[in-house]
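This report concerns only the one structure given below.
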Amino acid sequence: MPDAMETVKNFILQEFLPGESPDQLKATTPLITGGILDSIATLKLVAFLEEQFHIKLEAHEVDVDNLNTLADISRLIQAKR
Amino acid sequence: MNPRLTSLQQFLENSARESPEHIAVVEPGAGSVSYRELAALSDGLRDLLVHLGVKPGDRVGVYLRKSVDAVAAIFGILKAGAAYVPVDPTGPPARNAYILADCSVRAVIVEAQRNEKLQAEWGESGKSIHALVLDGTGGGRPLAAALHAPERRDPAPPSATVSSGPGDLAYILYTSGSTGKPKGVMLSHRNAVSYVDWCSEVFSPTADDRFSSHAPFHFDLSILDIYVPLKHAATLVLISDEAGKDPGKLAPLIESEKITVWYSTPSILTLLTQYGRLQERDYRALRMVLFAGEVFPVKHLRALRALLPAPRYFNLYGPTETNVCTYFELTGEIPPGRDKPFPIGIPCSHARTLVVDEQMRPVRAGEEGELLVTGDAVCQGYWNLPENTARAFHAGADGVQWYRTGDVVVEEPDSNYTFLGRRDRMVKRRGYRVELGEIEIALYRHPAIKEAAVVALPDEEAGVRVKAFLCCHEGKRPSMIELKQFCADALPSYMVPDIFSFHDLLPKTSTDKTDYQRLKELR
């Protein structure tokens with residue numbers, strides 16, 4: 001689902017990496033363990049995902065396993081849709 | 001309630017005598033322990049520590065996730081007459097290894113998964129430090145297992161709990177230091193007990209109360225969390241680091257655990273207000289909401305009070321060095337037009353305060369100045385940093401040692417103090433103290449960075465945003481993602497800059513120092 005990944009990527013670049021060149025953020029770049037998303041940024045991302053993709057994430061799904069890379073996030077979106 | 005308790009370990013011993021079967025600590029998902037069980041577990045650790053040679057006055061590290069095990073470890077250390085040094089279990093191992101070596105701990109209680117990295121950081125130098133390694137944490141079971149491990153063929157012989165004197169060191173809390181190294185604030189039993197006694201006066205706790213423990217144990221908010229309920233034979237409900245950051249887990253936990261007294265930073269209360277769906281919860285048990293550590297933006301406080309109108313709300317103020325030293329109770333409606341933050345209030349009964357100008361002369365009410373604090377709850381100084389300690393205190397004409405908070409305040413006509421800002425380069429981020437200089441020093445360690453300057457910019461949403469201005473060696477500019485990773489490996493997450501910006505030159509003052517004023521104006 002490359003469209004969803006691109007949407008999420010743009011959101012992360014704009015919100016949390018302003019000024020970063022887009023090709024630095026890869027599908028496998030660690031977001032949470034890599035210091036890009038802290039706990040508050042993660043919540044903002046979750047709110048964005050829920051609104052943008054009309055999905056509902058449960059509290060136990062908001063974790064490093066599901067959200068650590070763009071690839072993880074797009075898998076999660078696909079599973080939820 | 002016995003008014004003669006003068007050490008922290010006596011709080012537990014007294015409650016265990018009076019209410020042995022009452023639940024002392026709940027660790028959601030991992031069980032709970034009674035006062036009798038907590039006392040026995042901490043006695044076991046005390047005996048082992050004494051057997052290993054820990055003596056009154058020694059320091060012992062606590063490198064554990066928040067758990068019954070960690071609470072029992074703290075009391076075991078105190079009962080041995082030693083001071084505990086809690087480190088951030090989620091923080092960089094190198095920083096924690098530095099802290100534990102800095103105050104030369106005699107022993108450390110550490111989870112197996114963290115011990116390997118700790119020992120690697122210490123290398124040869126850590127050989128004389130006993131490590132009591134727990135196979136994880138949870139409900140006190142890993143600690144109990146370690147105390148009864150088969151390789152300890154004979155259990156440690158029973159020893160007696162040490163009666164610590166009021167001036168004896170109880171714990172050391174490390175905070176961000178401007179020289180690039182964290183500095184250890186030394187707090188005595190008198191410092192903590194006088195503060196806890198004040199909490200008893202103002203919050204009237206009973207054995208039926210259920211206190212939240214939201215703050216991590218290396219953060220000063222934990223002192224109220226741990227010792228106020230344990231003094232009053234009430235129940236302490238531990239909130240894990242993971243649940244603590246996630247309003248989706250936190251909001252239902254406050255309901256199901258029937259929390260009666262909540263204490264956290266405003267950042268967490270703001271998250272709960274925005275994302276916790278509080279209107280769907282039953283919070284009838286909640287009688288008090290306490291917050292401290294940073295300014296609570298009025299917009300979010302108003303929204304919280306609209307959702308939860310019943311509890312009493314208190315704004316508590318005080319650096320780690322003084323414990324809470326002023327307080328303000330919010331009463332009545334918050335007018336819709338108000339955006340000025342609420343005052344930090346009036347001095348607590350254990351504290352005296354003074355506001356002075358730059359020449360250290362007292363100012364009149366209504367005039368701005370630096371807040372000074374003295375009293376039983378004010379710390380002894382910084383571990384092994386006599387110069388920092390000397391700078392932090394001002395000797396008054398009457399010989400009184402006043403702690404210089406560095407906070408600029410004004411006394412309002414109603415006698416309440418209002419916080420206006422800082423004198424130096426420290427900022428509060430999510431309640432944590434951040435010395436911008438410590439971030440700069442971490443950035444300078446990156447091989448591509450020639451020059452670094454870090455500023456804090458006000459931000460409506462987050463309170464402050466931390467921005468790093470960087471000059472790089474030619475042709476070596478790292479990506480922002482690489483820098484975030486680099487900072488995350490060296491610093492706690494609340495110190496990682498939000499924004500990086502690259503420049504050929506940084507603005508300088510006429511004396512060739514970084515011109516922070518001009519940096520703040522750069523866009």
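All of the numbers you see were taken from the coordinates with simple rules; none came from a lab. Treat the numbers as computed from the prediction; the structure is a model and nothing was measured. Here the Cβ positions follow ideal geometry from the backbone for every residue, glycine too, while neighbour counts run over all protein chains shown.
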P(r) of region B:426-521 over all Cα-Cα pairs, binned every 10 Å from zero, in whole percent: 15, 51, 30, 4
Among region B:485-514, those whose backbone N falls under 20 Å of a label point 7 Å along Cα→Cβ from A:Thr28 are B:485-486
Find the eigenvalues of the gyration tensor of the Cα atoms of region B:394-455, then list the square roots of 5 times those eigenvalues as equivalent ellipsoid semi-axes, largest first, in whole angstrom. 34, 16, 9
For a 22 Å ceiling on Cα separation, which of these pairs sit above it: A:Lys56/B:Lys428; B:Lys181/B:Lys428; A:Lys44/B:Lys467; A:Lys9/B:Lys520? A:Lys56/B:Lys428; A:Lys9/B:Lys520
Simple label model, 7 Å out from Cα along Cβ direction - B:Arg352 to B:Glu460, nm: 4.5
Can you figure out the FRET efficiency of B:Arg391 with B:Glu521, using R₀ = 35 Å and their beta-carbon distance, to the nearest 0.05? 0.70
With a sphere of radius 9 Å drawn around the Cβ of B:Leu134, what net charge do the other residues whose Cβ falls strictly inside it have (Lys, Arg +1; Asp, Glu -1)? -3
Share of Cα-Cα pairs in chain B beyond 39 Å, in percent? 25
Fully extended contour minus Cα-Cα distance, from A:Phe48 to A:Ser21, at 0.36 nm per residue: 7.6 nm
Per-residue ellipticity at 222 nm for chain B, helices alone: DSSP H runs ≥ 4 residues times -39500 (n - 2.57), over residue total, nearest 500 deg cm²/dmol? -9000 deg cm²/dmol
Choose one answer from A:Thr69, A:Thr33, A:Thr42: the residue with the largest mean-square fluctuation in a GNM of chain A with alpha-carbon springs under 10 Å. A:Thr33
Only bridges whose two residues both fall in the protein assembly as shown count here: according to DSSP, what percent of them are antiparallel, nearest 5? 60
Within 10 Å of each Cβ in peptide B:485-495, how many partner chain Cβ atoms are there on average? Round it to a whole number, please. 3
Can you tell me the alpha carbon radius of gyration of region B:8-244 divided by the globular rule-of-thumb value 2.2 N^0.38 Å? 0.94
Just order B:313-320, A:13-20 by mean Cβ neighbour count inside 10 Å, highest at the front, would you? B:313-320, A:13-20
Compactness of region B:307-405, expressed as Rg and Dmax over alpha-carbon positions, Å: 16.3, 49
The answer for the per residue Cα convex hull volume of region A:33-81, in Å³, is 71
Residues with amide H under 5 Å of B:Tyr263's amide H, sequence separation 5 or more or different chain, H placed in the peptide plane at 1.01 Å from N; which? B:Ser212, B:His214, B:Leu290
Sticking to Cα atoms, compute the Rg of the protein assembly as shown to one decimal and its Dmax as the biggest Cα-Cα distance, whole number, in Å. 24.2, 73
Loop-only trypsin sites (Lys or Arg not before Pro) in region B:437-472, please: DSSP not H, G, I, E or B, and at most 15 other Cβ atoms within 10 Å. B:Arg445
Evaluate the charge dipole of region B:1-139 about its Cα centre and quote only its size in Debye, nearest 20, assuming +1 on the Cβ of each Lys and Arg and -1 on the Cβ of each Asp and Glu. 320
At q = 0.22, 0.31 Å⁻¹, the log10 of I(q)/I(0) for region B:354-412 from a Debye sum over equal Cα scatterers comes to -0.88, -1.31
Measure nothing fancy, just the Cα-based angle from helix A:39-53's long axis to the longest principal axis of chain A, in degrees from 0 to 90, nearest 10. 60
